Amino acid sequence: MVAGAWLMARAALRALYPDEPAERGGVSVRMGAPEHEGTTGVIAQVLTLITGAAAGNGFHGIGGRFVRQGLLRYAAGGAGVRFARRDIGTAVQIELDLARVPPAQDLRECMAEALAPGASAKLREAFGRLWQDRVRRLLLEHADDSKVVRIQRLA
């Protein structure tokens, strides 16, 4: 999910700042689901590192400026993640659909076996290769695939 979160942030920032560099802390982020649901928390952590938008644990600012705390919120409803520029209000909704980048057919079985206490190094390496192959395909073959990283401009 780290690779997917990176692609979501990349797409959102490109859409929100088409002709200029994105401004760290200049974007609010609304996660559709609660922090503890699925991979929402992991995705949010990646988005915080990239955008500066943080939940309650974020930077409190200096003299009322550069505040990042509260720029990321959970359970905002809807699918995907909403990114909005704080200065002009433009916003996009980003959804990640990994159906076009399926895992290897035997990944689940291999993962269960590789995580077993007595798993061999060879089995663990095989699992790692299968896992990383999907990440590679996502980042190198589908990074700009509009059916994988879906962007919707919001009013």
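The values are calculated or read from the model by the stated rules, or taken from the named source; none is laboratory data. On a predicted model such as this, the values are computed, not experimentally measured, just so you know. Backbone-built Cβ (ideal geometry, glycine too); neighbour counts: all protein chains shown.
Residue-wise test of (1) modelled with pLDDT under 95; (2) within 20 Å of residue 138 (Cβ to Cβ); (3) among the polar types (S, T, N, Q); (4) out of contact with any Ser or Thr (no Cβ under 8 Å at 6 or more places or on another chain).
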| position | (1), (2), (3), (4) |
| --- | --- |
| 5 | no, yes, no, yes |
| 23 | yes, no, no, yes |
| 27 | no, no, no, no |
| 39 | yes, yes, yes, yes |
| 67 | yes, no, no, yes |
| 78 | yes, no, no, yes |
| 103 | yes, yes, no, yes |
Check: Exactly one of (1) surrounded by fewer than 17 Cβ atoms within 10 Å (Cβ to Cβ); (2) touching a strand residue (DSSP E or B) at 6+ places or on another chain (Cβ under 7 Å) is unmet by residue 57. Its number?
Finding: (2)
Item checked: Those residues of the stretch 108-154 which are aliphatic (A, V, I, L, M), under 27 Å from residue 81 (Cα atoms) and in contact (Cβ under 8 Å) with a residue 12 or more places away in the chain, in sequence order -> 135, 138, 139, 143, 148, 149, 151, 154
Item checked: Residue satisfying all of: in the stretch 44-84; without any contact (Cβ under 8 Å) to a residue 12 or more places away in the chain and in a strand (DSSP E or B); nearest to residue 24 (Cα to Cα) among these -> 65
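Does the stretch 29-43 hold any residues that are part of a helix (DSSP H, G or I) and either more than 19 Å from residue 78 (Cα to Cα) or free of Cβ contacts under 8 Å to residues at least 12 places away in the same chain (or both), and which are they?
Residue satisfying the conditions is 41 alone.
Of all residues in the stretch 85-101, which are of a type outside the set (D, E, K, R) and either without any contact (Cβ under 8 Å) to a residue 12 or more places away in the chain or touching a Ser or Thr at 6+ places or on another chain (Cβ under 9 Å) (or both)? So that I can check it myself, show each step before the final result.
To start, the set of residues in the stretch 85-101 that are of a type outside the set (D, E, K, R) comprises 88-94, 96, 98-99, 101.
88, 89, 91, 99, listed by residue number.
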Notebook entry, point to check: How many of the residues making up the stretch 16-28 are buried (at least 18 other Cβ atoms within 10 Å of the Cβ) and either of a type in the set (Asp, Glu) or in a helix (DSSP H, G or I) (or both)?
Noted result: 1
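Report, by residue number, each residue of the stretch 112-142 that is under 24 Å from the mean Cα position of the chain (by Cα), surrounded by fewer than 15 Cβ atoms within 10 Å (Cβ to Cβ) and aliphatic (A, V, I, L, M).
Quick first cut of the stretch 112-142, residues under 24 Å from the mean Cα position of the chain (by Cα) only: 127-142.
Keeping just the survivors that are surrounded by fewer than 15 Cβ atoms within 10 Å (Cβ to Cβ) gives 128-129, 132-133, 135-136, 139-141.
Within the stretch 112-142, 135, 139, 140 meet the criteria.
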Check: If you scan the stretch 19-41, which residues turn out to be hydroxyl-bearing (Ser, Thr, Tyr) and under 14 Å from residue 92 (Cβ atoms)?
Finding: 28
Notebook entry, point to check: Are any residues in the stretch 115-134 charged (D, E, K, R) and more than 19 Å from residue 103 (Cβ to Cβ), and if so, which ones?
Noted result: 122
